[in-house]
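All remarks here apply to the structure that follows.
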């Protein structure tokens with residue numbers, strides 16, 4: 001499993017992999033402020049399969065700060081989805097194990113300009129396709 005993760009991470013290394021690395025670091029630190037700081041002012045976040053779109057850093061920040069407290073921890077990994085940098089995010093509640101939650105496909109240079117966030121129930125079901133563990 002570790003070799004698969006390493007192989008996926010190597011595929012991400014490109015001209016500028018700093019945004020995805022910083023994005024994953026913010027999730028792993030549980031730092032919603034750092035995450036919001038990575039977003040372009042005109043960010044667009046969509047959430048398949050839900051028909052939700054958040055436009056602009058302020059709207060995304062309101063959404064993220066509203067849902068962030070529902071969880072008691074995050075673990076994120078860098079992956080590649082359709083040739084784009086992405087993050088696989090595991091979450092947990094209370095002392096339960098970390099479970100697959102969502103897949104975040106990122107676009108933008110320098111700062112994150114777009115996130116397609118495959119939310120539950122779809123998001124977690126995609127982890128197996130990336131060879132990721134069923135618990136984080």
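Only the coordinates and a few stated rules stand behind these numbers; no lab work does. These numbers were taken from a predicted model, which means no experiment stands behind them. Using ideal geometry, Cβ is built from the backbone for each residue, glycine included, and neighbour counts are taken over all protein chains shown.
Take the Cα of residue 21, go 7 Å toward its beta carbon, and the backbone nitrogen atoms of the range 76-113 under 15 Å from that spot belong to 77-79, 85-86, 110-111. Between residue 42 and residue 70, the simple spin-label model (points 7 angstrom out along Cα→Cβ) gives 3.0 nm. Across the range 40-94, the volume of the C-alpha convex hull divided among the residues equals 106 Å³ per residue. Would you give the gap between the C-alpha center of the range 32-55 and the C-alpha center of the range 63-115, rounded to a whole Å? Rounded to whole Å, the Cα centres lie 11 Å apart. The modelled label-to-label distance for the pair residue 99/residue 111, using points 7 Å beyond Cα in the direction of Cβ, is 3.5 nm. Note on residue 84 and residue 125: the extension gain reaches 12.9 nm, defined as 0.36 nm multiplied by sequence separation minus the Cα-Cα distance. Largest first and in whole Å, the equivalent-ellipsoid semi-axes of the chain read 21, 19, 14, each the square root of five times a Cα gyration tensor eigenvalue.
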